[in-house]
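Take a look at the structure set out below.
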Amino acid sequence: MRDLLLGSLETALEATRPAGRVERRVLELAPPSAVLAVGKAAGPMLAGLEAAGLRLPGFGVTRYGHGVPLAHYELLEAGHPVPDENSLDAARRALELARDLGSDDHLLVLVSGGGSALWCAPWGLELEELQALNRALLASGAAIGEINAVRKHLSRIKGGRLAQTTRARVTALIVSDVPGDDVSAIASGPTAPDPTTFADALAVLDRYQIEAPAARRHLERGAAGLLLETPKPGDPLFVRVDNEILLANYDLLAAASSFWKERGWQTVILSDRFEGEARELARFHAGLVGSIRAHRVPFEPPLVLLSGGEAAVTVRGNGRGGRNQAFLAWLAAFTGPRGVWALAADSDGIDGNSPAAGAILRPDTLARAAELGLDLREYLERDDSHAFFAELGDAIQTGPTGNNLNDIRVLVVE
């Protein structure tokens, strides 16, 4: 079963590689004049552009360690999930390129998750203050939409401001890492209208009790009408902007589902847009497994359950892990001694602050842990799910995948 779980992950990642999708799609577009690429999939997306024979002015930026060799395009690397000086440089250059284009030009923007940190143009605060705020938001348990509402109102490039900067026609091809595939949320929507406001951003800081004095002063000025809002839905500038989802989490789940079906398994895709605490998602999945086993409701076993979206972890300890390994650790706790076969992984290959993409849970995980003297509850209390699965030899190491389609969870109910 372990090989099947890993095989379904590998098949799903292979079926959703961005380079081929970009290569096919750009040949159907009006010829671009320039290109900008941002996010964890920036390298493969630019490789797709090269494969299509397009040599355009422009460059890309991706996370450290996610670079790929390119023949024509420059690919910078910068900080993620917390921006750094390279993020500042990448955003500055992107805005300059966009500003220099005329109304007869066509700007192609290749967007993938991670762009919020990789394009950093702070507005109203210094880089060090923005870095501290990012760390606080990431540890708060806030949903990605809430985090992005704050980011957009502290930036000169996010929330549609890149599109606002240029006179050119803009086509954005987007690899989605956001539940629901909201283009205004992916990479904080540099080419998309922003439905959130300064007041919304301020409310997020209040909700999660985040101080950030400089950010608060800036957001308060904006909420008082003293600063220019991000461009909103209906703004005439978006008549010349096309935002297109090229790949999304559902594509990942559908590819994994096909893998299992080809091997004779019934599959159910529960949803591609689960959000919330990893602990509560695990509780839901464990309850569903229990109902199927006890009552054959709402599905008849044997079957494979698949789900996606993005969990969150409110960090209270100082361990290593990520939302997928935390999900599996809590799933082990909730399913108890009987356990279940399951896999959970981040499609970009890096789960949280760990070196793993995710992990595999086995029916005998708790028994094996007891033999090694591992107390699951202790690992959960210090948010150290990676160490737990690493000790068992069940962490999944893929390295950077060159993609970013959010999470994949696979549970086998035999």
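Each value in this text was obtained by applying a stated rule to the coordinates, not by laboratory testing. The structure displayed is predicted, hence computed values, not measured ones. As a convention, Cβ positions derive from the backbone with ideal geometry for all residues, glycine included, and neighbour counts pool all protein chains shown.
Report, in debye and to the nearest 20, how large the dipole of the chain comes out about its Cα centre when Lys and Arg carry +1 and Asp and Glu carry -1 on their Cβ. All intermediate terms of the calculation are to be shown ahead of the outcome.
Details: 41 positive and 53 negative charges, 86 e Å.
Roughly 420 debye for the chain.
Can you find, among Leu173, Leu46, Leu138, the residue sitting farthest towards the positive end of the charge dipole of region 18-247, where Lys and Arg contribute +1 and Asp and Glu -1 at Cβ?
Leu173
Would you work out which of Val68, Thr267, Pro32 lies farthest towards the positive end of the dipole of the chain? Charges go on Cβ: Lys and Arg +1, Asp and Glu -1.
Thr267
Cα axis of helix 127-140 to longest principal axis of the chain: angle in degrees, 0 to 90, nearest 10?
30 degrees
About its Cα centre, how strong a charge dipole does region 18-247 have in debye, to the nearest 20, once Lys and Arg get +1 and Asp and Glu get -1 at the Cβ? Can you show the working numbers first?
Values: 23 positive and 28 negative charges, 35 e Å.
So the dipole magnitude of region 18-247 works out to roughly 160 debye.
In degrees from 0 to 90, rounded to the nearest 10, what is the angle of the helix 213-223 Cα long axis to the longest principal axis of the chain?
For 213-223 against the chain, the angle is about 60 degrees.
Would you mind checking the tilt of helix 85-100 against the longest principal axis of the Cα atoms of the chain, expressed as 0 to 90 degrees and rounded to 10?
Once rounded, the angle reads 50 degrees.
With a Förster radius of 25 Å, plug the Cβ-Cβ distance of Lys232 and Glu96 into 1/(1 + (r/R0)^6) and report the FRET value to the nearest 0.05.
On the way: r = 25 Å, r/R0 = 1.01.
Once rounded, the FRET efficiency stands at 0.50.
Which residue, Asn148, Asn404, Asn86, tops the fluctuation ranking in a GNM of the chain built on C-alpha contacts under 10 Å?
Taking springs between Cα atoms under 10 Å, the residue moving most is Asn86.
Can you tell me the relative contact order of the chain? Whole percent, Cα pairs under 8 Å, sequence separation 6 or more.
Working: 954 pairs, mean separation 65.0, N = 414.
Across the chain, relative contact order equals 16 percent.
Over region 18-247, what is the relative contact order in whole percent, taking alpha-carbon pairs under 8 Å and six or more residues apart?
On the way: 493 pairs, mean separation 45.8, N = 230.
The value is 20 percent.
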